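Derivation of every value follows stated rules applied to the coordinates shown; laboratory data play no part. Since the structure is predicted, the reported quantities are computational estimates derived from the model, not experimental observations. Positions of Cβ are backbone-derived with ideal geometry, glycine not excepted, and every protein chain shown enters the neighbour counts.
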Amino acid sequence: MATISADPHLALVQPVQPRTPQGCEECLRIGSPWVHLRLCLICGHIGCCDSSPLRHARGHAHLVGHPIVASFEPGENWRWCYVDESYV
């Protein structure tokens, strides 16, 4: 398991509002299922996790350069950096 780090990408984090609080933006558009949701802490994009069939949160991070996400699951309180592959 990755360790928590003082990641330089944390400087990119902004106060955001979830753009689609009801689910993964892309999955909702195409009718695909997801497992868990992740919130982009730079723009508010909601994407599905790496355990989901299409991994939209990771795709968003790499496509637009927004590396820090938070779990969007009730009761979970953690953040992840896709660039450094670590909890932040």
(request) Any residue in the range 74-88 that's under 13 Å from L37 (Cβ atoms): show its pairings with residues that are part of a loop (DSSP other than H, G, I, E, B) at Cβ separation under 8 Å, as long as the two are six or more apart or on different chains. (result) W80/V88
(request) Six or more apart or on different chains, Cβ under 6 Å: which pairs go from a residue in the range 39-55 that's within 9 Å of V16 (Cα to Cα) and free of Cβ contacts under 8 Å to residues at least 24 places away in the same chain to one that's among the basic types (K, R) and surrounded by 16 or more Cβ atoms within 10 Å (Cβ to Cβ)? Could you list them? (result) none
(request) Look at the range 21-60 and say how many of its residues are part of a helix (DSSP H, G or I) and either on the phi > 0 side of the Ramachandran plot or out of contact with any His (no Cβ under 9 Å at 6 or more places or on another chain) (or both). (result) 5
(request) Report, by residue number, each residue of the range 43-72 that is buried (at least 19 other Cβ atoms within 10 Å of the Cβ) and hydrophobic (A, V, I, L, M, F, W, C). (result) I46, C48, C49, A57, A61, I68, V69, F72
